[in-house]
Amino acid sequence: MKVGDLMTTEVMTIGPDAPLKEAATIMVRSGVSGLPVVDDQRRVVGIITEADFVTAEAERSWGRQRRRLLAGLFDDSQPKKARSVGDAMTRNPHGIDRESTVTEAARKMTELGVKRLPVLLPDGTLDGIISRADVMRAFARSDDELLEEIGVDVVNAVMQLDDDALDVAVADGVVTLTGTVPTKSEARLLEELIVRVEGVVSVNSDLSWDLDDTRRTYGAADGSP
């Protein structure tokens, strides 16, 4: 499954010159914890999140304490009070494109420690946004949804295997394969393609080829035995 299949396309945005109060109002009223910051051409120049507001408030408090000290009155190094979105936002945020897989998006969010990624066109224009909640939806898919995707996209479209010789069952995200495929390499490829389907926990294979039987179990996380 691709990022483009799950991302939100109608995204609320804000400009870098907007007051922080305006960003906070939009976020509270819309029930979101972050907003992409875009320029006049809708290119992403930053992102403003709840964490940025916390940082801005901490800097204000520090500034007030410093101003109570005579020595701090003329100290240019003290934190400046953030007034606009551009003052507080995280600049040049990491993005992703719509053709990336949901697994890649999840990995990137984990590595960066963020809850959302702007989805960008090649020129940096905002295409949408994908959040942790969107990723979780992909991995919370029903067994029926998984079975349909495996049958249509993997077994038929990619592998072009005979449905009558192959049986696929899904229970709690665990896929069980039985039946016969033409070659050992096709059996292994089928197993590896299925384990990459978002929402699949693992694959139990009891496929046979050339009159020989084998059984392997592959974990969805890394595809290892």
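The values are calculated or read from the model by the stated rules, or taken from the named source; none is laboratory data. If you're wondering where the values come from, they're calculated on a predicted model, not measured in any experiment. In this analysis, Cβ positions are derived from the backbone assuming ideal geometry, glycine residues included, and neighbour counts consider all displayed protein chains.
Scanning the stretch 127-141 for residues that are farther than 15 Å from residue 195 by Cβ and either surrounded by 18 or more Cβ atoms within 10 Å (Cβ to Cβ) or modelled with pLDDT of 90 or more (or both) yields a total of 7. Residues in the stretch 184-205 that are among the hydroxyl-bearing types (Ser, Thr, Tyr) and either modelled with pLDDT of 95 or more or in a helix (DSSP H, G or I) (or both): 185 alone.
Among the residues of the stretch 104-126, which ones are among the aliphatic types (A, V, I, L, M), over 8 Å from the mean Cα position of the chain (by Cα) and surrounded by 15 or more Cβ atoms within 10 Å (Cβ to Cβ)? Correct list: 114, 119, 120, 121, 126. Scanning the stretch 155-178 for residues that are surrounded by fewer than 19 Cβ atoms within 10 Å (Cβ to Cβ) and assigned to a helix (DSSP H, G or I) yields a count of 6. Counting the residues of the stretch 106-164 that are β-branched (Val, Ile, Thr) and touching a His at 6+ places or on another chain (Cβ under 6 Å) gives 0.
Listed here are the residues, each with its yes/no results for (1) in contact with a Cys (Cβ under 7 Å, 6 or more places away or on another chain); (2) of a type in the set (A, V, I, L, M); (3) assigned by TED's automatic domain parsing to the domain that holds residue 189.
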position: 133; (1), (2), (3): no, yes, no
position: 147; (1), (2), (3): no, yes, yes
position: 152; (1), (2), (3): no, yes, yes
position: 158; (1), (2), (3): no, yes, yes
position: 163; (1), (2), (3): no, no, yes
position: 166; (1), (2), (3): no, yes, yes
position: 170; (1), (2), (3): no, yes, yes
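For the stretch 6-41, taking the residues that are closer than 26 Å to residue 106 by Cβ, in contact (Cβ under 8 Å) with a residue 60 or more places away in the chain and not β-branched (Val, Ile, Thr), the one that is surrounded by the fewest Cβ atoms within 10 Å (Cβ to Cβ) is identified as 33.
In a helix (DSSP H, G or I), at pLDDT below 90 and farther than 23 Å from residue 24 by Cα: is that true of residue 106 in this structure? Answer is yes for this residue. Over 24 Å from residue 25 (Cβ atoms), among the small types (Gly, Ala, Ser) and at pLDDT 90 or above: does that describe residue 77? Answer is no for this residue. Remark: pairs (first residue in the stretch 83-100, over 16 Å from residue 39 (Cα atoms); second residue modelled with pLDDT under 90 and part of a loop (DSSP other than H, G, I, E, B); Cβ separation under 8 Å; 6+ apart in sequence or on different chains) = 94/114.
Answer yes if at least one residue in the stretch 173-195 is among the small types (Gly, Ala, Ser) and in contact with a Pro (Cβ under 9 Å, 6 or more places away or on another chain), and no otherwise. The answer is no; no qualifying residue exists.
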